[in-house]
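Here the structure comes first, spelled out in structure tokens, and everything after it is commentary.
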Amino acid sequence: MRMRDWDINLKIRLGGETAFNVIFWTFFPFLSIYFANSFGKGWTGVLLILSQTLSVFANLIGGYCADRFGRKRMMVLAACGQGVGYGVFALAASPLLAMPVLGFIGFSFASMSGSIYWPASQAMVADVVKEEHRSSVFAIFYTAANVSVVVGPLLGSITYDDNPYIVLIAASVFCLLLSLTMSRTLHETLPEKLAARNRSTTGEPWYRFLAAQLRDYKIIAADRVFLLFILAGVLLSQTFMQLDLLFPVFMEETVKLSTIFSYGDWSLQLSGKQLFGLIVSENGLFVALFTVLVTKWMLAYRDRYVFIGGALFYALGIVMFGHMSTFWGFTLAIAVFTLAELMSAGPQQAFVSRLAPEHMRGQYFAAGSLRYTLGRTLAPLSIPISSWIGFTWTFILLAGIAVISAVLYNIMFNLYDRQTAA
């Protein structure tokens, strides 16, 4: 499906979300360092878990609201909420206040708003794109997001000075502008028959709303294939989410200076923090260059082999990362890590849309994104664990979890094949 044939909603979102992601990735990879310096490793892990626990609930509520009140409305409100959250964070991180606790509150509110945005945005793609084209459309959005990962961390590694308030102000302003733009230009994609059903229940008391939400998610939880998909995804996320949690702390503490190039008496050397920014940008560059290519390549294989293979490559990549100390070693490790990422990016989102009934798309995408929200709730545990057992054993532990997720994917597809054959 060519981009010129896309629905106008998708074109507007692609441009706006890509621009925001450039700003976001300028500061986001370095936040674990900021919070670790402010609260210490132990408290940083605890606080990030608390923040992401709230995001789990926000994500589920966002999915239900996307099916009830519309994709556009929830995306506009969520983008506005992100703007407010980053604004509070910027004020708290500025020299005027220097209040890390308030900054953490602002960050948590922005994260919750992002969790509300996600299911509505994914459901919108499923609303306007035919099933056979969804993998490629999701892959293009994924590629665009990772183009930002090339530029953002490089800017952050140059400008970051444990005080990212200027970039946070830019993020806040852009989120508010994005919210206004979407409000004026997007059209609603919620299927009309679902919207009509929701209008018929307008005016019901709040506890009916809550009961209906719990009932719908109970139906999702009874879907054993989908439940295994989420559980395997939560385990697998413990590897790829370390890119902006454990990796920066590991590189700052273990790499003092790394030589990138040398010629005679001249050499280009980077600190561990600067090297981390470069490695994250490499990850984004690989994704930007190869997402569409790898996605097309993966179409030649059954989803079973794609999901299991991706999990095993994640395990290999994270073990390699924990044993590297040079720029070229980290580059090799991140290449393997990125291959795992690209193998499953588009196919996994398409798999969710295949399982989801039309009237519950938002909720299925919300529940599906528990792989990320619940995964991010647990992922910060790696930071205090690394203090207890050391970096090497922490990376080995994470690789073992990825292997377990591969086993769960195999069990899931055995069940899925039996259901589809029945």
Q. So which residues in region 386-422 are under 17 Å from L227 (Cβ atoms) and either out of contact with any Phe, Trp or Tyr (no Cβ under 9 Å at 6 or more places or on another chain) or open to solvent by 20 Å² or more (accessible area, probe 1.4 Å) (or both), if there are any at all?
A. I404, V407, L408, N410, I411, N414, L415, Y416, D417, R418, Q419, T420
Q. Here is a list of conditions, (1) touching a residue at least 60 places away in the same chain (Cβ under 8 Å); (2) under 25 Å from S281 (Cβ atoms); (3) open to solvent by less than 30 Å² (accessible area, probe 1.4 Å); (4) not acidic (D, E), and F307 meets all of them except one; can you say which number that is?
A. (2)
Q | Evaluation of S51 against (1) within 29 Å of T295 (Cβ to Cβ); (2) touching a Ser or Thr at 6+ places or on another chain (Cβ under 8 Å) (one fails), failing number | A | (1)
Q | Y117 being of a type in the set (F, W, Y), touching an Asp or Glu at 6+ places or on another chain (Cβ under 9 Å), buried (at least 20 other Cβ atoms within 10 Å of the Cβ) and under 30 Å from V129 (Cβ atoms) | A | no
Q: For region 4-17, indicate whether the set of residues that are open to solvent by less than 50 Å² (accessible area, probe 1.4 Å), in contact (Cβ under 8 Å) with a residue 60 or more places away in the chain and either over 28 Å from M360 (Cβ atoms) or basic (K, R) (or both) is non-empty.
A: yes
Q: Report whether or not L268 is hydrophobic (A, V, I, L, M, F, W, C) and either buried (at least 22 other Cβ atoms within 10 Å of the Cβ) or modelled with pLDDT of 80 or more (or both).
A: no
Q: May I ask you to verify whether T239 is out of contact with any strand residue (DSSP E or B) (no Cβ under 9 Å at 6 or more places or on another chain), surrounded by fewer than 20 Cβ atoms within 10 Å (Cβ to Cβ) and within 26 Å of P380 (Cβ to Cβ)?
A: no
(Q) Taking the condition of being among the hydrophobic types (A, V, I, L, M, F, W, C) and either without any contact (Cβ under 8 Å) to a residue 60 or more places away in the chain or over 12 Å from V249 (Cα atoms) (or both), how many residues in region 31-47 meet it? (A) 4
Q. V88 is checked against (1) in contact (Cβ under 8 Å) with a residue 40 or more places away in the chain; (2) more than 19 Å from the chain's Cα centre (by Cα); (3) over 23 Å from Q242 (Cα atoms); (4) buried (at least 19 other Cβ atoms within 10 Å of the Cβ) and fails just one. What number does that condition carry?
A. (1)
Q. Based on what the data block shows, is R371 open to solvent by 10 Å² or more (accessible area, probe 1.4 Å) and in contact with a helix residue (DSSP H, G or I) (Cβ under 6 Å, 6 or more places away or on another chain)?
A. no
Q. Does A139 count as at pLDDT below 85 and closer than 16 Å to R13 by Cβ?
A. yes
Q. Out of the residues in region 242-265 that are acidic (D, E) and farther than 25 Å from F313 by Cβ, which is least open to solvent (accessible area, probe 1.4 Å)?
A. E252
Q: Quick one: which residue in M74, M99 is crowded, with 24+ Cβ neighbours inside 10 Å and in contact with a helix residue (DSSP H, G or I) (Cβ under 9 Å, 6 or more places away or on another chain)?
A: M74
Q.
Contact list please: Cβ distance under 9 Å, first residue in region 401-422 and free of Cβ contacts under 8 Å to residues at least 24 places away in the same chain, second residue open to solvent by less than 10 Å² (accessible area, probe 1.4 Å) and part of a helix (DSSP H, G or I), pairs at least six apart or on different chains.
A. V407/A232; V407/A311
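The values are calculated or read from the model by the stated rules, or taken from the named source; none is laboratory data. Note that this is a predicted model, so its numbers are computed, not measured. Neighbour counts are summed over all protein chains in view; Cβ atoms, including those assigned to glycine, are modelled from backbone coordinates with ideal geometry. Remember, those area values only see protein heavy atoms, side chains included, never the ligands or the DNA or RNA. Shrake-Rupley method; radii C 1.70, N 1.55, O 1.52, S 1.80 Å.
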